[in-house]
Amino acid sequence: MDFLKPVFESGRIDFAGQGHASRLTTVLVAGAGVVSLVIGFVMQRLELCFYAFAVGVVMTYAVVLPPWPFFRKQPVAWLERKTPDAPLADAGPRRTLVEDVSDDNSD
C-alpha cells in the first residue's frame, strides 16, 4: 500500500480538478443509477436494484474523493504576500457603522 501514500499525503486538488470531480461524480452516479435500474428490471428484484446502486455510489466516491494526481494538473499560482510595513495611500481614520450612526447630531 506504499504506492498510495503520495496520493493521500498531498490532500489538495486545484479548482479545475474540483470541477472535473463534480462532473465525474454526476456522470458516474447517473450511470450507476441507469445500470442498477436495468439490473433490477432484468432480474425483477427491487432489492438488487438498490444494492447495485449502492455499489455504484461507493465505487464513484472511491474514484472521486481521494486527491488523485489527475485532479492536480493545474495548480493555482498565488500572488506574493504584501509586506504590512507599507502604508496605505488613503490612510485616513477608519469609521465603523456604529461610529457613523452615533455621530449623527440630528436631534
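Worth a mention:
- Ranking of Glu47, Glu80 by solvent-accessible surface, largest first: Glu80, Glu47 (1.4 Å probe, protein heavy atoms only, all chains present).
- Protein heavy-atom surface of region 35-85, 1.4 angstrom probe: 70% of the accessible area is carbon and sulfur, with nucleic acids and ligands not counted.
- Computed over protein heavy atoms with a 1.4 angstrom probe, the accessible surface ordering of Phe41, Phe70, largest first, is Phe41, Phe70.
- Taking Cβ atoms as reference points and 15 Å as the exclusive limit, the residues near Leu24 contribute a net charge of +2, counting Lys and Arg as +1 and Asp and Glu as -1.
- You can think of it this way: the chain between Phe70 and Arg12 has 19.7 nm of extra reach, that is 0.36 nm per residue less the Cα-Cα gap.
- Ordered by 1.4 Å accessible area with all protein chains kept, Arg81, Arg45, Arg23 run largest first as Arg81, Arg23, Arg45.
- Gained length - Leu37 relative to Asp2, 0.36 nm times residue gap less alpha-carbon distance: 8.8 nm
The values are calculated or read from the model by the stated rules, or taken from the named source; none is laboratory data. The shown structure was predicted, so the numbers you read here are calculated from the model rather than taken from an experiment. Every residue, glycine as well, gets a Cβ built from its backbone with ideal geometry; the counts of neighbours run over all protein chains shown. Just so you know, the surface numbers come from the protein's heavy atoms only, side chains and all, with ligands and any DNA or RNA stripped out. Shrake-Rupley method; radii C 1.70, N 1.55, O 1.52, S 1.80 Å.
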